[in-house]
């Protein structure tokens, strides 16, 4: 069964910035804070889970946090992606596979290597990060993953200080079932049979 609550929080602005309680895939209750919600639910004989709805629900978020792991595992979950237009002849680049990223992202320099150019028709957009925002342009380019070529949307950042390159959920996660096996330091892309 689909999580009905996920559609509700995207279509109903009343939930923005609120903490919701979910029961049977639906929003059961909501409040301004966890404490307020938990106080109201403490005597209810129901099984629920909570979710804090971001205030900027629907906005593109690019969160680049670097927190030192307590474990000494240095594996970075990257996957090789072939770009037919890279440096005009094609080439492969390893991108961080990020199930938490709404869209894919390439650096300013890499975008130029893909042939991206800023045109008068481009709309400069802003993505929210932790404590800041960055300007980006949306571009579409063909990529190949596991022998399947498709057009993918990329946020082409306009700030040369951004170094991350991300393969996000949009398009990619609809075409593949993706399994992360951290202990084996492996990512498996399995094409979906639709």
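Read-outs throughout are calculated quantities, based only on the coordinates presented, and are distinct from any laboratory measurement. Only a predicted model underlies this, so the values are computations on that prediction, with no experimental measurement involved.
Table for the structure above
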item: GNM result for the chain, Cα springs below 10 Å: residue of 153, 108, 52 fluctuating most strongly; result: 52
item: Listed residues 101, 31, 155, most fluctuating in the chain (Gaussian network, C-alpha, under 10 Å); result: 31
item: Relative contact order (percent, whole number), the chain, Cα cutoff 8 Å, 6+ residue spacing; result: 18 percent
item: Kirkwood Rh and Cα Rg combined as Rg over Rh, evaluated for the range 4-52; result: 0.95
item: Rg over Rh [alpha-carbon atoms, Kirkwood Rh] for the range 78-191; result: 0.96
